[in-house]
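The values are calculated or read from the model by the stated rules, or taken from the named source; none is laboratory data. Source: prediction; values computed, not measured. Cβ atoms come from the backbone with ideal geometry, glycine included; neighbour counts cover every protein chain shown.
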Amino acid sequence: MVIDDIRPLSPAAAPCKICGGQAPLYGVVDFHKSCEEARGVRLLLSGVPIYYRRCVDCKFLFTDAFDEWTTEHFKTHIYNDEYGRVDPDYQSETRSRTNGDVVAGLWGPYKTKTRVLDYGGGNDALCTALRAHGFPAAVSYDPMVPEFARRPDGKFDLVMCVETLEHMPDPASGIAAMIECAADPGLILFTTSVQPEDFDRLGLNWWYVAPRNGHISIFSREALKSAWNRHGYKVLSLNDNVHLAFRTLPHFLAYLDTSVLDQPKS
């Protein structure tokens with residue numbers, strides 16, 4: 001297998017994409033490593049090695065192999081017709097309906113005054129579910145999908161980012177772009193799986209490290225805190241996958257346990 005324009009490997013440590021610390025080489029996997037291996041599905045080896053780095057300070061894990069890629073490169077080699085084999089839930093209306101139900105339940109009567117942007121929204125299924133729940137505006141943005149590739153104008157009370165941060169070769173810029181879209185006060189609800197407590201034992205065998213899925217930016221809790229705190233945002237993790245980022249928590253969500261909030265750095 002030949003993949004164009006993979007960045008030449010440098011054995012020297014590189015700057016961390018989140019905190020700027022030293023990120024030496026951590027390990028290597030085959031390009032075809034996917035999340036479906038957790039379900040027992042293994043693709044044939046591609047023969048293309050993908051090296052990951054890990055920051056010694058914030059523990060952010062990333063590969064810079066695709067840093068020179070354009071949108072077309074990603075569409076050709078990752079988000080192509082075979083993508084459904086490694087992420088069968090991507091087009092799932094069931095997942096979108098479930099997520100829509102959860103958000104509608106959290107927002108309750110306030111949903112009728114809430115404008116929503118789904119950042120990285122794929123096929124618009126989540127926004128369709130939110131509009132059906134009574135959100136007056138729910139708009140998708142996804143540069144990989146032609147009909148939603150233009151970022152909408154205006155500010156949004158709620159910015160959602162479902163399983164997207166881990167796909168970004170420059171997540172710091174992605175976070176900054178989401179914040180630009182958020183009203184003030186506003187809330188960003190995002191999902192991405194953070195490294196588990198036993199990551200040092202699992203290493204790159206952890207199922208979420210999956211270049212074939214486009215999982216190229218893998219956050220630790222420390223890295224999440226660093227990435228959002230630089231913008232004055234706090235982070236509340238509801239679990240290892242679901243997180244809220246905000247400057248001020250909306251009053252109708254005040255029942256959430258604010259004792260675990262990450263405070264921004266002074």
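Going by what's in this entry, would Val103 be described as of a type in the set (Val, Ile, Thr), in a strand (DSSP E or B) and either in contact with a helix residue (DSSP H, G or I) (Cβ under 6 Å, 6 or more places away or on another chain) or in contact (Cβ under 8 Å) with a residue 24 or more places away in the chain (or both)?
Here the answer is no, as Val103 does not meet what is asked.
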Filter pass, Arg97 being modelled with pLDDT under 95, more than 30 Å from Arg201 (Cα to Cα) and out of contact with any Phe, Trp or Tyr (no Cβ under 9 Å at 6 or more places or on another chain): yes
Residue within region 198-206 that is acidic (Asp, Glu), at pLDDT 95 or above, surrounded by 19 or more Cβ atoms within 10 Å (Cβ to Cβ) and assigned to a helix (DSSP H, G or I) present: no
Conditions (1) in a helix (DSSP H, G or I); (2) within 13 Å of the chain's Cα centre (by Cα): number failed by Glu180: (2)
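Listed here are the residues, each with its yes/no results for (1) surrounded by fewer than 15 Cβ atoms within 10 Å (Cβ to Cβ); (2) touching a helix residue (DSSP H, G or I) at 6+ places or on another chain (Cβ under 7 Å).
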residue	(1), (2)
Ala132	yes, no
Phe135	no, yes
Asp142	no, yes
Pro146	yes, no
Arg151	yes, no
Leu158	no, no
Thr164	no, no
Asp170	yes, no
Residue among Asp87, Asp5, Asp81 that alone is in contact (Cβ under 8 Å) with a residue 40 or more places away in the chain and out of contact with any Phe, Trp or Tyr (no Cβ under 7 Å at 6 or more places or on another chain): Asp87
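Can you pull out every residue in region 106-140 that is assigned to a loop (DSSP other than H, G, I, E, B) and either under 17 Å from the mean Cα position of the chain (by Cα) or charged (D, E, K, R) (or both)?
Passing the criteria: Gly120, Gly121, Gly122, Asn123, Asp124.
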